[in-house]
Amino acid sequence: MSDKEPQVVRSSLFGSTRRTGALLVLQLLESSYASEIAGILRMPVSSIQLTLDKLEEDGVLVSETIGRERVYSWDMRCPALSELRKLLAALIWRESDLEDAVERVRRRPRKRGKPL
């Protein structure tokens with residue numbers, strides 16, 4: 001991320017803006033993959049992958065390989081998941097830039113051959 005680009009997420013409640021941002025994006029999208037989250041947060045994919053792997057080790061997320069992508073979602077066995085998601089929902093109102101960035105993400109397939 002260059003110095004001129006504004007941060008999409010300002011809060012570091014969960015230890016870093018990267019970790020907080022990844023959790024907030026997953027709160028909004030329910031499931032996602034590292035490059036999509038990195039694009040939304042304007043952060044390097046490798047650092048987001050490390051963050052998601054750590055959250056998976058901690059039992060907050062689970063991942064599933066679909067095609068060539070590793071898709072992350074919430075681990076429903078996490079004992080504090082409902083409380084965590086309530087806290088994230090409360091934090092989202094402060095992060096209007098993040099909500100705008102997530103709304104711009106295309107979540108449905110594009111017709112083959114259709115020009116961008």
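Every read-out reported here was derived from the displayed coordinates using simple, explicitly stated rules and does not represent laboratory data. Fair warning: this is a prediction, and the values are worked out from it, not measured in the lab. Please note: Cβ atoms are built from the backbone with ideal geometry, for glycine as well, and neighbour counts cover all protein chains shown.
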The simple spin-label model distance between Ser82 and Glu103, using points 7 Å out along Cα→Cβ, in nm, is 3.1
Run the paramagnetic zone check for Glu69: 7 angstrom along Cα to Cβ, then residues of region 21-40 with backbone nitrogen under 16 Å. 25-40
Beyond 18 Å, the calculated P(r) of region 17-97 holds a percent of Cα-Cα pairs equal to 36
For Val45 and Leu13, extending 7 Å from Cα along the Cα-Cβ vector and measuring point to point gives, in nm, a value of 3.0
Nothing charged except the Cβ atoms of Lys and Arg (+1) and of Asp and Glu (-1): what's the magnitude of the dipole of region 1-72 about its Cα centre? Round to the nearest 20 debye. 280
Peptides ranked, highest mean first, by Cβ atoms within 10 Å: ranges 17-28, 70-81: 17-28, 70-81
